[in-house]
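Novice: Before I ask anything, let me first share the structure, which is written out below as structure tokens.
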Amino acid sequence: MKQTNRSIVMTGLMIGTFLTAIEGTVISTAIPSIVSDLHGIRIMDWAFSIFMLTSAVTVPLFGKLSDVFGRKRLFTIGTGFFLFGSALCGLSWSMESFITARGIQGIGAGGVMTISTTIIGDIFPIKTRAKMFGMIGMIWGVAGIFGPLVGGFFVDALSWHWIFFINIPFGLTSVFLITTGFKENRRRKKQKIDVAGAASFTISMAALLYGLQRAGESGRWLDAQNLILFTLFITVLALFLYIETRAEDPMIPVSVLWQPIVAITNGLALVASAILMGNDMYMPMWLQGLLGYSAMASGFVLTPMSITWMVGSFLCGWLLAHSGVRISGFIGTGLLLAGTFWLELLDPGVNPLLYYLITSLLGLGFGLALTLTTLCVQSAAGHQMRGAATASNQFFRSVGQAIGAAVFGAYFNTSAAERALCHGQDPERVLNGLNAMLHSGGGRDHPSYGQIFQDVLFFSIHHVFVVMTILAIAAVIIAFFLPGQLPDEKDHKV
């Protein structure tokens, strides 16, 4: 029997990881053009939240299915979903069709992310495995740096459609390398699939996000339909937790979640990820809609955040060794608070260098805070539960991003409608007018759109930044409850 060619497999995994990683940042600088072309500012948050929601649900499911049907088969299926969704994104004719395609993309991304990590565990011994995970982490950093630039380049040079079409040849290459280089053991342990847990979680999250979306569109958070949706969310979420405590192979082991350090750090991961989504959605809109930046130029402004994110990740280990968990958490969340507070104070006339400073601060804070949460969760779990604990951390990050996208989108729409009424304007007309302003250069170079539209956009994004600052304060408070040092790992050795 032929042996696995680790170099070929690792190359395929890195290509697949890069495609799914860059998809989270490449759209940041393109979303204003997409929204303008497809006329969907009211529901633009779903373009982010649906991707995060479907990937969050499928991360644990693909892991379970790969144990039953094999890694290679499920990697191919996951990549197939991702590429099919990419093609549909590029061919979208409306914002609704684009959002549907993003959901399909998210399903595939969840599969690629979780199976890539699992395959590395299958083919590398533990000492080498750590280096391979470091290479995968480097891929995420590179994707973070180049994602906004790639998005801006395609929008300015070709069109936003090519952001998605370009995935297809690289994705097929990844599948070819995995299928030819990976020789897996076909003996699999039979496990039950937690269908009830996955279904109940999906229903609860869909009810929450749809309720937030409706509230943002109508401005009536407590009308009958929204109350029904929020009640459904709470009820089905409780059912989900009940199912998980009794499932033979739960999607997310609740026993892991109840450990104090895991609960605290996962809560911090959720809040920090929500802040991250707010920055990714509304910083490009501020730069392009109010300052007249091109998509490429706004990508350059976001680039320092990706660089300092990597720096923060590297610093996290040193800080933990010298200052402990709680101090490291305070430093990371304090940087997030400083960055969001500065965002709250912005006006269109500030020195452009300030934007680079803000994104640098935020990147350093995210790198410290989010890396810290992963290290704490892994240290708290024994060897047998470490994979589940790490999955729970990724799960809460994804849910935080999905909920953050919906909450910020709802609050943006509510604030825009409120400001339009202050000007004596029809909120529907003003929101439609904002679509035009979101073309590159639309803020300053097209005065025909009027000061009213610019004022509404400034007011709405400013209020989103205020909410981000409040969440950053909450993150600092959560950091106060972190332990002084990492848990003792003497009983957790392999």
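The values are calculated or read from the model by the stated rules, or taken from the named source; none is laboratory data. What you see is a predicted model; the values in this text were computed from it and never measured. Virtual Cβ from ideal backbone geometry, glycine too; neighbours counted across all protein chains shown.
Novice: Taking the conditions exactly as written (outside the structural domain of Asn393 (by TED's automatic domain parsing), outside any loop (DSSP other than H, G, I, E, B), within 30 Å of Glu184 (Cβ to Cβ) and not acidic (Asp, Glu)), does Val35 satisfy them or not? Step through it out loud before you land on a result.
Specialist: Numbers: outside the structural domain of Asn393 (by TED's automatic domain parsing): yes; outside any loop (DSSP other than H, G, I, E, B): yes; within 30 Å of Glu184 (Cβ to Cβ): no; not acidic (Asp, Glu): yes.
Criteria not met by Val35.
Novice: Additional query: Any residue in segment 482-491 that is more than 29 Å from Leu362 (Cβ to Cβ), modelled with pLDDT under 80 and not acidic (Asp, Glu)? Spell out the reasoning first.
Specialist: If we filter segment 482-491 for residues that are more than 29 Å from Leu362 (Cβ to Cβ), which is where we start, we get 488-491.
Remaining after also requiring modelled with pLDDT under 80: 488-491.
The next check asks that each one be not acidic (Asp, Glu); those that pass are 490.
Yes, there is a match, as at least one residue in segment 482-491 is more than 29 Å from Leu362 (Cβ to Cβ), modelled with pLDDT under 80 and not acidic (Asp, Glu).
Novice: Going by the conditions given, is Ser66 touching an Asp or Glu at 6+ places or on another chain (Cβ under 7 Å) and crowded, with 24+ Cβ neighbours inside 10 Å? First the steps, then the outcome.
Specialist: Values: touching an Asp or Glu at 6+ places or on another chain (Cβ under 7 Å): no; crowded, with 24+ Cβ neighbours inside 10 Å: yes.
For Ser66, the condition - touching an Asp or Glu at 6+ places or on another chain (Cβ under 7 Å) and crowded, with 24+ Cβ neighbours inside 10 Å - is not met.
Novice: Continuing with this model, one more query. Which one of the conditions (1) surrounded by fewer than 17 Cβ atoms within 10 Å (Cβ to Cβ); (2) polar (S, T, N, Q); (3) modelled with pLDDT of 75 or more; (4) not assigned by TED's automatic domain parsing to the domain that holds Thr17 does Ser159 fail to meet, given that it meets all the rest?
Specialist: Ser159 satisfies all of (1) surrounded by fewer than 17 Cβ atoms within 10 Å (Cβ to Cβ); (2) polar (S, T, N, Q); (3) modelled with pLDDT of 75 or more; (4) not assigned by TED's automatic domain parsing to the domain that holds Thr17 except (4).
Novice: Looking for something modelled with pLDDT of 90 or more, among the aliphatic types (A, V, I, L, M) and surrounded by fewer than 19 Cβ atoms within 10 Å (Cβ to Cβ) - is there at least one such residue anywhere in segment 315-329?
Specialist: Yes, because at least one residue in segment 315-329 is modelled with pLDDT of 90 or more, among the aliphatic types (A, V, I, L, M) and surrounded by fewer than 19 Cβ atoms within 10 Å (Cβ to Cβ).
Novice: Being without any contact (Cβ under 8 Å) to a residue 24 or more places away in the chain, outside the structural domain of Gly24 (by TED's automatic domain parsing) and surrounded by fewer than 21 Cβ atoms within 10 Å (Cβ to Cβ) is true for just one of Gly334, Gly349. Which residue is that? Let's see the steps before the verdict.
Specialist: Numbers: Gly334 fails: without any contact (Cβ under 8 Å) to a residue 24 or more places away in the chain.
Of the residues listed, the single one that is without any contact (Cβ under 8 Å) to a residue 24 or more places away in the chain, outside the structural domain of Gly24 (by TED's automatic domain parsing) and surrounded by fewer than 21 Cβ atoms within 10 Å (Cβ to Cβ) is Gly349.
Novice: Still on this structure, please answer the following. Conditions first: (1) out of contact with any Gly (no Cβ under 9 Å at 6 or more places or on another chain); (2) buried (at least 20 other Cβ atoms within 10 Å of the Cβ); (3) of a type outside the set (Lys, Arg). Phe82 passes all but one, so which condition is the exception?
Specialist: Only one criterion in (1) out of contact with any Gly (no Cβ under 9 Å at 6 or more places or on another chain); (2) buried (at least 20 other Cβ atoms within 10 Å of the Cβ); (3) of a type outside the set (Lys, Arg) is unmet by Phe82, namely (1).
Novice: For the condition of a type in the set (S, T, N, Q) and at pLDDT below 80, what is the one hit in Thr117, Thr180?
Specialist: On the way: Thr180 fails: at pLDDT below 80.
Every option except Thr117 fails the conditions.
Novice: If we scan segment 436-453, do we find a residue that is assigned to a helix (DSSP H, G or I), of a type in the set (Gly, Ala, Ser), assigned by TED's automatic domain parsing to the domain that holds Pro260 and modelled with pLDDT of 75 or more? Working first, answer last.
Specialist: Keep residues of segment 436-453 that are assigned to a helix (DSSP H, G or I), which gives 436-437, 447-453.
Restricting the remaining residues to those that are of a type in the set (Gly, Ala, Ser) gives 436, 448, 450.
Those still in the list that are assigned by TED's automatic domain parsing to the domain that holds Pro260 too: 436, 448, 450.
From the residues that got through so far, the ones that are modelled with pLDDT of 75 or more too are none.
Looking for residues that are assigned to a helix (DSSP H, G or I), of a type in the set (Gly, Ala, Ser), assigned by TED's automatic domain parsing to the domain that holds Pro260 and modelled with pLDDT of 75 or more, one finds none in segment 436-453, hence no.
Novice: Please give the number of the condition Phe81 fails out of (1) under 22 Å from the mean Cα position of the chain (by Cα); (2) modelled with pLDDT under 90.
Specialist: Unmet condition: (2).
Novice: Would you tally the residues in segment 227-240 being crowded, with 16+ Cβ neighbours inside 10 Å and over 13 Å from Val195 (Cβ atoms)? Before you say what the answer is, go through the steps one by one.
Specialist: Filtering segment 227-240 for residues crowded, with 16+ Cβ neighbours inside 10 Å gives 229-230, 232-233, 236-237, 239-240.
Next, only the ones that are over 13 Å from Val195 (Cβ atoms) stay: 229-230, 232-233, 236-237, 239.
Selection size over segment 227-240: 7.
Novice: If you don't mind, another one. Under 9 Å between Cβ atoms, at least 6 apart or on separate chains: pull out the pairs that start in segment 467-484 with a residue that is under 13 Å from Ala274 (Cβ atoms) and touching a residue at least 60 places away in the same chain (Cβ under 8 Å) and end on any residue that is in a helix (DSSP H, G or I) and among the acidic types (Asp, Glu).
Specialist: Met468/Glu344; Thr469/Glu344
Novice: Answer yes or no as to whether Leu320 is outside the structural domain of Ala199 (by TED's automatic domain parsing) and closer than 30 Å to Val26 by Cβ. Walk me through how you get there before you give the answer.
Specialist: Details: outside the structural domain of Ala199 (by TED's automatic domain parsing): yes; closer than 30 Å to Val26 by Cβ: no.
No, not satisfied.
Novice: Among the residues of segment 17-38, is any modelled with pLDDT of 85 or more and under 25 Å from Ile252 (Cβ atoms)?
Specialist: At the first step, the residues of segment 17-38 found to be modelled with pLDDT of 85 or more are 17-20.
Okay, now just the ones that are also under 25 Å from Ile252 (Cβ atoms), so 17, 20.
Scanning segment 17-38, I find at least one residue that is modelled with pLDDT of 85 or more and under 25 Å from Ile252 (Cβ atoms), so the answer is yes.
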